[in-house]
Amino acid sequence: MNGQQVNTLKGVGEKTGKLFEKLGVITIDDLLSYYPRAYDAYEDPVPIGQLREQAVMSVSAILPRQPDLLTFNRMRMVSAQIKDLTGSLQLAWYNMPYMRANLKSGVPYVFRGRVAKKRGRLVMEQPEVFTPESYEAVNHSMQPVYGQTRGLSNKTIVKAVRQALLARQMEREYMPAGLRRKYQLSEINYAVEHIHFPADQKELLFARKRLVFDEFFMFLVGVRRLKEHRGERHSDFVMVHSREADKLKERLPYALTRAQERTLQEVYRDMENGLVMNRLIQGDVGSGKTIIAILALLEAASNGYQGALMVPTEVLARQHFESITELFEAHGIEKQAVLVTGSMTAKEKRVAYGKITSHEADIIIGTHALIQEKVVYDKLALVITDEQHRFGVGQRELLSSKGEMPHVLVMSATPIPRTLAIILYGDLDISVIDELPAGRQSIKNCVVGQDYRPKAYAFIEKQIAAGYQAYVICPMVEASEMIEAENVLDYTKTLKKELPESIQIACLHGKMKPKEKNDIMERFAAGQIQVLVSTTVIEVGVNVPNATVMMIENAERFGLAQLHQLRGRVGRGKAQSYCIMVNGAGDQDTQKRLDILNKSNDGFYIASEDLKLRGPGDIFGVRQSGDLEFRLADIFTDANILKQVSEEVNRLLDDDPQLQKEENRELGRRIGQYLGSHYDKLNL
């Protein structure tokens, strides 16, 4: 393994090392598994008449004369026009006055950039400039594009990765030869090198297939070990059905749907039958999973036990805590809930821990702070995790290890087709809430082009004037030199110019400190911020019934299931809600995909359609789903590999449970390393 620090590479000093650390890259191993997020494919230059709008293309030309240097609005622009027999193209470089001196008339160049149409003319802004020889060196190649952070350019990352590949210690092949032959998998060192620097798409897909196979393999071995570790275990917490939970259900201002009722009975049965419950509740956004969790927690508390609910963000933890406290007070239920979050003061934590240890608290609600060692429970009988894929299998098991084998209930709003859910959650029984409560208004959807933006801004302004709030989602945190996509930081500035000053606009992204993120989410939840410009960090984490507009920029860069998840942030109140998806690509195939969302609000239908539509080519356009613990694998694009791996893991472990056979020993060693890093502190 390559555990050497990344700042030992030439050209990566302490300062650059700290920037890499922001990306989670500390060692050479981390850098080698920091995979490109896209690839820039260099192709033959084309005649001007063949240029396509919104595409990155190359064109060969001789400048007829020296470019002009223009100044307007305190901005300097170098401008040139090139022509051939098929048409003319305007070239423009902003705030790069030196380009005028660099470009010579009568000299052949290759210009490469994104093509746009402005005032009826074809324009290429900020194009790269190559000599014919230098373009030939990169032509027909695929250059990696990495996720960046301010101060760390793509060029710097590429240089560091090239060095790391030369400096690395070669890995011993661990995948059994029979499996590699059966599925035509590349050798591991080849895969690591060519995922970063493939010569063409064929080479990229070959390398990627091996790495995806490995990711699924390690994960599913972990799930299988977890299942064996738990087995059919007898529970010390056998519940008697509680009259108090029934009374609360009867007094609710609404009746449970048939699907909720069925799921609740399955949960009660698991808690009463003498075996440890391990159950997943899958339910679309707004299907009413939370009330099932509350009734299950009350069932445990009424039996004299404690229950814990772990959620991914502090804001959501606080919202759950407040709603449970209000609900219990309103119905005279004398059970006490307590909140535990990372940002609480030392004194607040001491008080909360004291209530938990003394069993003054019956229900404990919090973030991953619930699994910190200082929390000592008294008869922890039920553990519920919300949006489980945000935690990973290891954290789920760690929380359940806090008690004497408590019942485990996992809730997820991520729509995953049942066939895949059975594989991914192999250690859990599955309940599906597949209907929405009566009276919920459907979200009105529209898929639009970039020219619709002024109308969208006017619509957002109108909704805010009516007292509502809006989200705007961008795929990136900040501008990238390589990827044409909207980013949160620049978009926030744009919106502040487009919307009246009286409208409070803020931005949110994953690179912010937790305290800053919480503060912004709380202010948005309280209505102090009207428009929140964010990355997908808001996919889970806050319930704002007052938000009625969700505008998603570059919708083509997200999977359908993830777009549906984002859309679920609105439509939580009584007012009509809207989702505006901006198709930045503008092509028909993308439009066809997005139209599925346009026509349906059913997450499970959308997930199954996503599964049908995805193919290997989608790794270039659709953002990875980010579910579970995968860096590269995508459960939709790679569904067939997932199914194959599931069969092979079961076959291998049935035949050689301890991986003792000669051909499996190296794999056993590698799995041990994986389980050690992913299931820290667990005796698996």
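The values are calculated or read from the model by the stated rules, or taken from the named source; none is laboratory data. Owing to the predicted nature of the structure, the values given are computational and were not obtained by experimental measurement. Don't worry about glycine lacking a Cβ; one is built from the backbone with ideal geometry, like all the others, and counts go over all protein chains shown.
Residue count for the stretch 116-167 satisfying the condition of being over 33 Å from the mean Cα position of the chain (by Cα), part of a helix (DSSP H, G or I) and modelled with pLDDT of 90 or more: 5. If you filter the stretch 40-66 down to residues that are among the small types (Gly, Ala, Ser) and either farther than 27 Å from residue 197 by Cβ or touching a Pro at 6+ places or on another chain (Cβ under 7 Å) (or both), you find that the one that is surrounded by the most Cβ atoms within 10 Å (Cβ to Cβ) is 58. Residue 26 fails exactly one of the following numbered conditions: (1) among the β-branched types (Val, Ile, Thr); (2) under 30 Å from residue 118 (Cα atoms); (3) surrounded by fewer than 18 Cβ atoms within 10 Å (Cβ to Cβ). What is the number of that condition? Result: residue 26 passes all but (2). Name every residue in the stretch 28-67 that is closer than 30 Å to residue 5 by Cα and touching a strand residue (DSSP E or B) at 6+ places or on another chain (Cβ under 7 Å), in order of residue number. 36, 37, 38, 39, 40 - these are the residues of the stretch 28-67 that are closer than 30 Å to residue 5 by Cα and touching a strand residue (DSSP E or B) at 6+ places or on another chain (Cβ under 7 Å).
Within the stretch 580-630, being at pLDDT 80 or above, part of a helix (DSSP H, G or I) and of a type in the set (Asp, Glu) holds for 595, 609, 610. Please indicate, with yes or no, whether at least one residue in the stretch 178-194 is farther than 30 Å from residue 335 by Cα and touching a strand residue (DSSP E or B) at 6+ places or on another chain (Cβ under 9 Å). Among the residues of the stretch 178-194, not one is farther than 30 Å from residue 335 by Cα and touching a strand residue (DSSP E or B) at 6+ places or on another chain (Cβ under 9 Å), which makes the answer no.
One residue alone among 190, 174 is closer than 27 Å to residue 668 by Cβ and in a helix (DSSP H, G or I), and that residue is 190.
I want to confirm something. Restricting to the stretch 248-260 and keeping residues that are loosely packed, with under 14 Cβ neighbours inside 10 Å and not hydroxyl-bearing (Ser, Thr, Tyr), which single residue is modelled with the lowest pLDDT? Across the stretch 248-260, the extreme among qualifying residues is 253. If you go through the stretch 84-117 and keep only what is β-branched (Val, Ile, Thr) and under 22 Å from residue 133 (Cβ atoms), you end up with 107, 110.
Say whether the condition of being within 22 Å of residue 125 (Cβ to Cβ), at pLDDT below 90 and surrounded by 21 or more Cβ atoms within 10 Å (Cβ to Cβ) is met by at least one residue in the stretch 445-455. There is no residue in the stretch 445-455 that is within 22 Å of residue 125 (Cβ to Cβ), at pLDDT below 90 and surrounded by 21 or more Cβ atoms within 10 Å (Cβ to Cβ). Within the stretch 366-382, not a single residue is surrounded by fewer than 22 Cβ atoms within 10 Å (Cβ to Cβ), of a type in the set (D, E, K, R), modelled with pLDDT of 90 or more and not in a loop (DSSP other than H, G, I, E, B). In summary, residue 508 fulfils each of the numbered conditions (1) in contact with a Lys or Arg (Cβ under 8 Å, 6 or more places away or on another chain); (2) crowded, with 21+ Cβ neighbours inside 10 Å; (3) in contact (Cβ under 8 Å) with a residue 60 or more places away in the chain; (4) not β-branched (Val, Ile, Thr) with the single exception of condition (3). Looking only at strands (runs of 3 or more DSSP E) that lie completely in the stretch 1-79, which have at least 3 residues being within 31 Å of the chain's Cα centre (by Cα) and in contact (Cβ under 8 Å) with a residue 24 or more places away in the chain? Ranges flagged: 38-41. Check the stretch 195-206 and report whether any residue there is crowded, with 20+ Cβ neighbours inside 10 Å, modelled with pLDDT of 95 or more and over 25 Å from residue 425 (Cβ atoms). Scanning the stretch 195-206 turns up at least one residue that is crowded, with 20+ Cβ neighbours inside 10 Å, modelled with pLDDT of 95 or more and over 25 Å from residue 425 (Cβ atoms). If I ask for residues that are closer than 28 Å to residue 380 by Cβ, without any contact (Cβ under 8 Å) to a residue 40 or more places away in the chain and part of a helix (DSSP H, G or I), which ones from the stretch 213-242 would you list? Scanning the stretch 213-242 gives a single hit, 228.
As for the stretch 284-304, it holds no residue that is in contact with a His (Cβ under 7 Å, 6 or more places away or on another chain) and over 29 Å from residue 526 (Cα atoms). Here residue 351 passes the criteria (1) over 19 Å from residue 294 (Cβ atoms); (2) buried (at least 19 other Cβ atoms within 10 Å of the Cβ); (3) among the β-branched types (Val, Ile, Thr) except the one numbered (2). Among the numbered conditions (1) modelled with pLDDT under 75; (2) surrounded by fewer than 18 Cβ atoms within 10 Å (Cβ to Cβ), the only one that residue 673 does not meet is (1). Go through the stretch 282-299 and give me each residue that's within 25 Å of the chain's Cα centre (by Cα), outside any loop (DSSP other than H, G, I, E, B) and not basic (Lys, Arg). Correct list: 282, 283, 290, 293. Checking 262, 210, 279 one by one, the residue that is in contact (Cβ under 8 Å) with a residue 60 or more places away in the chain, of a type in the set (Lys, Arg) and either in contact with a helix residue (DSSP H, G or I) (Cβ under 7 Å, 6 or more places away or on another chain) or not in a helix (DSSP H, G or I) (or both) is 279 and no other.
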